[in-house]
Amino acid sequence: MEQTTSGRRAFLKAGVAAAGATLGTHAVRAGEHAAATAGSTSVPDGAAFDVIVIGAGFAGLAAARDCAQRGATTLLVEARNRIGGRTFTTQFAGKHLELGGTWIHWTQPFVWSEVRRYGLNITESPGFNPDTIHWLAQGRLKRGRADKVFPLLGEGMRKFCDVDGQSGRTVFPRAADPFFSKAVAKYDDLSMQDRLDRLRLPPDQRALVGAFLALDCHNDPRLAGAIDQIKWWSLGDFDMETMNNKLGRYKLAEGTSALAHAMLGDARVDLLLSTPVRTVRTENGTTTVTTTAGRHYTGRAVICTVPMNVLKTVEFSPPLSAAKMQASHEEHIGKGTKCYIHVRQKVGNWMGYAPFPHPITAVWTDRELDDGTLLVCFGPPDKLDINDESSVQAALRTLLPGADVVSVTGYQWTEDPFARGTWAMYRPHQTTRYLDPLNAREGNVFFASADSAHGWKGFIDGAIEGGVRAAHEVITHLKG
Ligand SMILES: Cc1cc2nc3c(=O)[nH]c(=O)nc-3n(C[C@H](O)[C@H](O)[C@H](O)COP(=O)(O)OP(=O)(O)OC[C@H]3O[C@@H](n4cnc5c(N)ncnc54)[C@H](O)[C@@H]3O)c2cc1C
């Protein structure tokens, strides 16, 4: 597994992922994964399988496990030299650090079922429940106790989601069934910024809501569909505190990689790491997957879990539907930064917010360290150079005056050719245009991704939802 060490200028760049892909094909029979590096098995060129799963993120891991457990010979082909996709557990000061997807919740049904199945545990992130909050409003730094500031933010978010006079309940009456209400189509052209502008909130509330929206869309709220935020609100039971607890309070004590490895180790799956797929061709009922190294594998069915923003880089024959290609070319807008900032000060349980285009839209205490505090920080794309500690320090000091940055640790997901983004947040119109087409089967090729989940779209839970669904579709297809 790629690891980053902490220290000055300690970070992972996209280059590391790309470099990982050049390490040479690494074939591992899952179930023997712990001994993988010592005793790799090999998959001969031209080998035939019932199912080939492309991508070993949580969608691919769930799909491959379920197919294999139901008796299908299964090959899992992964571009990077590790499994986990947009989740990536590394170590910092002897403890887990999640560079990608992190927080889960027991009301997320697919991931929680895996947590229970494999006997994993959760731990709390204290900083998402802070004592004090700083925020920037009209260029001025404001400070307040969280028990005063959160209600202001929560009321603002309720107003934001209240497009229908019922707190968004008529838009997503069933959060996991996105098209249950026709009202979705009515609001799908509305951007987050347009919705915010219509509200005419008082300056402090507007600044807090603006920052929260920028955090959630991981970009400029002008590019984001308001409907995705309303969906999160519905998934959060139409309540700010409940939504927050689901979004950022609980994480896997053993790390997301422990879950990924538990899933992989639970079935007989052949795994190829460092093996990017270049083409997927179906002829005479058989689908051939060809890697960038020119190796071929055939499957009676393929499950493609390549992210929405990456799909266009794989060549399909027959070509993918116009809707899938258009979605991939338009891309979702989750493309911002996530990094950890080690500061020398003990800042306590603290949180900071600033609206777009500030380079840091949200930052909070991840944990106290012996020699300071570790903050977790989110910002929009191209605003914060996480390789430049002095610019990170300058940005942070606008929210936390006097902060002294010791190191910055992060991973540049958007520059990673196998991610090209972070969590999926759609542009206006994309929900009605692309959500269902992205999931639609094309011949022998089935699709699954967090980026097009019905429930927790953009989350680990959504990835597993897609993988479980696609595996069932494939097994049914193979039996037929
Ligand atoms: C910074 C960040 C923070 C996040 N925070 C949270 C959070 O707190 N909670 C949460 O639930 N979710 C969070 N997410 C989102 C969550 O991590 C993802 O939505 C989810 O993990 C995606 O799973 P997936 O399997 O659909 O896609 P991925 O994990 O992206 O898996 C797809 C796999 O396909 C591989 N691949 C791509 N192209 C090819 C190719 N040509 N050939 C072979 N393989 C290929 C990729 O390498 C990857 O392994 C976060 C994501 C990021 C990046």
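Every number in this text was worked out from the coordinates using simple rules, so none of it is lab data. The model shown is predicted, which means the values in this text are computed figures rather than measured ones. Note: ideal-geometry Cβ built from the backbone for every residue, glycine included; neighbour counts use all protein chains shown.
The Rg/Rh ratio of the range 110-170, with Rg taken over Cα atoms and Rh as the Kirkwood radius over Cα pairs, comes to 1.17.
Evaluate Rg over Rh across the range 155-230, taking Cα atoms for both radii and Kirkwood's formula for Rh.
Over the Cα atoms of the range 155-230, Rg/Rh equals 0.96.
Overall, the anisotropy analysis places the range 55-201 in the oblate class: the square-rooted eigenvalues a ≥ b ≥ c of its C-alpha gyration tensor yield a/c not less than 1.5, with a/b not exceeding b/c. Across the range 122-131, rounded Karplus estimates of 3J(HN,Hα) from the backbone phi angles (6.51 cos²θ - 1.76 cosθ + 1.60, θ = phi - 60°) give 10, 9, 8, 9, x, x, 7, 10, x, 8 Hz, Gly and Pro being marked x. Over the chain, DSSP H runs of length four or greater, each weighted -39,500 (n - 2.57), average out per residue to a 222 nm ellipticity of -9000 deg cm²/dmol. Using all pairs of distinct alpha-carbon atoms, the Kirkwood hydrodynamic radius of the range 277-365 works out to 16.9 angstrom. Its residue count N fixes a reference of 2.2 N^0.38 Å for the range 299-438, and the Cα radius of gyration divided by that reference is 1.32. Each listed q (0.16, 0.18, 0.19 Å⁻¹) maps to a log10 I(q)/I(0) for the range 230-380 from the Debye sum over equal C-alpha point scatterers, namely -1.13, -1.20, -1.23. Treating each Cα of the range 47-121 as an identical point scatterer and summing with the Debye formula, the log10 of I(q)/I(0) at q = 0.12, 0.18, 0.25, 0.28 Å⁻¹ comes to -0.42, -0.87, -1.21, -1.27.
Taking the Cα centre of the chain as the origin, how large is its charge dipole in debye, to the nearest 20, when only Lys and Arg (+1) and Asp and Glu (-1) carry charge on their Cβ atoms?
It comes to approximately 360 debye.
Between N349 and A323, the contour length at 0.36 nm per residue exceeds the alpha carbon distance by 4.8 nm. When the expected Rg is taken as 2.2 N^0.38 Å, what fraction or multiple of it is the alpha-carbon Rg of the range 183-270? That ratio works out to 1.47. Obtain the radius of gyration and the Kirkwood radius of the range 248-303 from its C-alpha atoms and give Rg over Rh. The Rg/Rh ratio comes out at 1.15.
For the peptides 451-458, 104-111, 239-246, residues were scored by their other Cβ atoms within 10 Å and the scores averaged per peptide; the highest-first order is 451-458, 104-111, 239-246.
Checking the Cα-Cα distances for K95/K383; K246/K324; K312/K335; K95/K346; K251/K338; K159/K231 against a 21 Å cut-off, the pairs over it are K95/K383; K246/K324.
Ignoring solvent entirely, what values of log10 I(q)/I(0) come out of the Debye formula for the chain at 0.11 Å⁻¹ when each Cα is a single scatterer? Log-scaled intensity ratios, in q order: -0.87.
Residue-wise HN-Hα couplings along the range 228-233, as the Karplus relation 6.51 cos²θ - 1.76 cosθ + 1.60 with θ = phi - 60° gives them from phi, are 5, 5, 5, 4, 4, 4 Hz; Gly and Pro carry x.
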